[in-house]
Structure formats: C-alpha cells, structure tokens
1. Restricting attention to region 44-89, which residues are within 23 Å of residue 14 (Cβ to Cβ) and among the hydrophobic types (A, V, I, L, M, F, W, C)?
2. With the condition kept exactly as written, say whether any residue in region 42-51 is over 21 Å from residue 78 (Cα atoms) and of a type in the set (Val, Ile, Thr).
3. For region 1-42, which positions are farther than 22 Å from residue 64 by Cα and of a type in the set (Val, Ile, Thr)?
4. Testing residue 82 on (1) assigned to a helix (DSSP H, G or I); (2) modelled with pLDDT of 95 or more, one condition comes back false. Which one is that?
5. So which of 49, 33, 62, 77 ends up being within 29 Å of residue 7 (Cβ to Cβ) and either among the polar types (S, T, N, Q) or outside any helix (DSSP H, G or I) (or both)?
6. Would you check which residues across region 4-26 are acidic (Asp, Glu) and either without any contact (Cβ under 8 Å) to a residue 24 or more places away in the chain or not in a helix (DSSP H, G or I) (or both) and list them?
Amino acid sequence: MMDRIANMKSEDLARRAEELSTELAEMPAKMEQARQELFNLRFRLATRQLEDTSQVSKARKQVARLKTALSALQREQAWIEIVRREREG
C-alpha cells in the first residue's frame with residue numbers, strides 16, 4: 001500500500017484523503033447499525049423468537065468486517081499523511 005500511495009500525485013493524494021475522510025465519517029453509523037442488529041438478534045435468540053440462528057453468526061461477521069474496514073481506512077489515511085509531510089518538508 002505504501003508504494004501505491006507514495007507514487008500518487010499530490011492532487012490524487014488530496015482526492016483520496018477527502019474520500020477517506022468521508023468514508024471514515026460514515027463508519028460510526030454503520031458500526032452502530034450492525035451492533036444494534038446483533039443485539040436484537042441475540043435478544044430474539046434468548047427469548048426463543050429467532051428461527052434462523054445462523055443470523056447471529058452472520059451479524060457477528062458483519063461487525064468484524066466493518067472493524068477490519070475501519071482499520072484499513074485509518075491505516076491508509078495515516079500513510080497518506082506521512083507521504084504528504086515527507087513531500088512538504
């Protein structure tokens with residue numbers, strides 16, 4: 001990833017940084033929605049109202065995927081910031 005970012009033009013870096021900022025701003029809402037869904041599924045499971053118990057596992061995996069995506073976005077944003085600082089100074 002570092003090589004790809006290091007070879008980007010300044011305007012491409014700025015554009016990507018803006019895209020990352022937007023994606024990172026949307027992540028907390030997506031995470032909250034996924035966690036709320038998992039909570040609801042667990043509640044329905046505990047009260048024996050859930051027929052398809054595999055939904056709990058799927059919801060857990062979705063939360064994990066979102067956490068992984070968040071981490072990747074944060075790493076990429078950090079790399080972009082490092083490259084920008086190196087080019088400035």
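1. 69, 70, 72, 73, 78, 79, 80, 82, 83
2. The answer is yes; a qualifying residue exists.
3. Selection gives 5 alone.
4. (2)
5. It is 77.
6. Selection gives 11, 12, 18, 19, 26.
The values are calculated or read from the model by the stated rules, or taken from the named source; none is laboratory data. Note that the structure is a prediction, hence the values are computed from the model and not measured. So basically every Cβ, Gly included, is an ideal-geometry build from the backbone, and we count neighbours across all protein chains shown.
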